[in-house]
Amino acid sequence: MNDAFSKINRVAQAIFDDGRQVHGSIAPPIVMSSTFAFASHAELAARYAGDSTDPLYSRTENPTVAFLEDKLAALEAGEAAIALGSGMAAITSAVLALVRSGDRLVAIRNSYSDAHRFFDMMLPRLGVQTQYVDASDAVALKDALPGARLFYFESPSSFVFDCHDIPALARMARAAGVITLFDNSFASPMRQNPLALGVDLVVHSMSKYLAGHSDVVAGCIVGSRTLIDTIRTGASPFLGSKLSAHEAWLVLRGLRTLPIRMEAHERAAVVVAEALKGLPQVTRILRPGVSAPLPDSLAGAGGLMTIELAETVDIPAFCDALKVFRLAVSWGGFESLALPADIALRPPEPYSRHEPKGVNRRMVRLFLGLEGAEVLRADLLQAIAAATRSG
Ligand SMILES: *Cc1c(COP(=O)(O)O)cnc(C)c1O
């Protein structure tokens, strides 16, 4: 599983092997149909009885979405996958399918902001409490896990890109009988496969690297057939969170270039990190492989980093001086993006404030896009120079 050749084969199989499409079309067809007709009473009856897998209705299954789901399962080395209308739909569908009133969820402190808000704002109304732990504190985690239903974690984690020992955390959870739910959006399936490291369920925001062009909001869950079936029958049909055929097709198109996009994002990130490292105005660079060693499980750090700017740099002026980087949330598309922590930590009402551990108001998250490493380096250097107060 871990040797390079079998990995290349699996990824190639998932991304490039489309089988034989209708009319021999090279791009997979977009099946834009809400409902599907059956040829006879007997065929419809067989579908209802579960004796056939023919598509019935696109809220629960659609051929274009199913085609994508097979590729996602193969990419993450899982048995099955479900594609949904957003990364948050993936997180909420997985959690809501698996928790009952009275359950406790354990989550790492630096989780994605809206996942954190879902745990804090919605789950208590269903009688589910969340306990936050620092995943680098093995003792705290060992104390928290027994009796919990789910353990939710990320590595690298949001904004600060802390990495954790995934196999050790997965083992600890399994020993305590706790289901693990892992957000692998930051690594993408090209750089880390948590199911192979002992995790039970992987979620992705496919709005990021997988779709890759900032034109789709989508998500997925990958895992064992049993757990995916539990979500498929126990939550996602009622939440109505399925992905549309057209958006599934856009993700399928994005997947074709995922391997080379990841390489280009990383090349740009290396050039930029190297250029910023020596500057007196840049006090820290948070990125696996720069601020801490790249863990064994992570084959590359992707296109994100968070920089901390010295007091001599005016952060609004830095943001406004950027010519190539755009100011925006999200990441994973063509465009390079900057997100200052002073604003990201100040969410619009009525959302609860969520301050990840280790983030401060001197920080700016950068996503290195595909405009070219030299262009991005030059843009950052000129913006830092323009925003540095003299004296
Ligand atoms: C963006 C993001 C999500 C949410 O995904 P959406 O597709 O926006 O719903 C979840 N986790 C991480 C780590 C993200 O970056």
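The figures follow:
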item: Built amide H within the under 5 Å cut-off of residue 326, gap 5+; result: 336, 337, 338
item: Qualifying chymotrypsin sites (Phe, Trp or Tyr not before Pro) in segment 251-352, DSSP loop, other Cβ atoms within 10 Å at most 15; result: 334, 351
item: Environment charge of residue 259, counting only residues whose C-beta is closer than 15 Å and scoring Lys/Arg +1, Asp/Glu -1; result: +4
item: Folded to 0 to 90 degrees: helix 87-98 orientation relative to the chain principal axis, Cα; result: 50
item: Ordering of 245-257, 375-387 by packing [mean C-beta count within 10 Å, highest first]; result: 245-257, 375-387
item: Modelled FRET efficiency - R0 30 Å, residue 57 with residue 7, Cβ distances, 0.05 increments; result: 0.25
item: Projected label distance in nm at residue 126 and residue 21, using a 7 Å step from Cα toward the beta-carbon; result: 3.7
item: Distance between modelled label sites at residue 357 and residue 168, nm, 7 Å Cα→Cβ extension; result: 1.4
item: Nearest-0.05 FRET efficiency for residue 229 and residue 256, computed from C-beta distance (R0 25 Å); result: 0.30
item: Helix 373-387 vs. the chain, principal-axis angle (Cα, 0 to 90°, nearest 10); result: 50
item: Long-range HN-HN contacts of residue 219 with modeled amide H, under 5 Å; result: 84, 85, 86, 87, 206
item: Förster radius 35 Å - calculated FRET efficiency between residue 329 and residue 79, Cβ distance, rounded to 0.05; result: 0.60
item: Accessible-area composition of the chain, carbon plus sulfur, in percent [1.4 Å probe]; result: 56
item: Under 26 Å from the Cα of residue 242 - lysines, other chains or at least 8 residues apart; result: 71, 208
item: Exposure ranking of 152, 132 by accessible area [1.4 Å probe, largest first]; result: 132, 152
item: Local net charge near residue 52, Cβ-Cβ under 15 Å (Lys/Arg +1, Asp/Glu -1); result: -3
item: The chain: angle of helix 245-255 to the longest principal axis, Cα-based, in degrees nearest 10; result: 50
item: Helix-only mean residue ellipticity at 222 nm for the chain, each DSSP H run of n ≥ 4 adding -39500 (n - 2.57), per residue, nearest 500; result: -10500 deg cm²/dmol
item: Low-density loop positions, trypsin sites (Lys or Arg not before Pro), segment 19-119 - DSSP coil, at most 15 other Cβ in 10 Å; result: 20, 59, 100
item: Under 25 Å from the Cα of residue 142 - lysines, other chains or at least 8 residues apart; result: 357
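The values are calculated or read from the model by the stated rules, or taken from the named source; none is laboratory data. Keep in mind that this is a model prediction, so the values were computed, not measured. Because the Cβ atoms are built from the backbone with ideal geometry, glycine has one as well, and the counts that use them run over all protein chains shown. Surface accessibility is based on the protein's heavy atoms, side chains included, excluding ligands, DNA and RNA. Shrake-Rupley method; radii C 1.70, N 1.55, O 1.52, S 1.80 Å.
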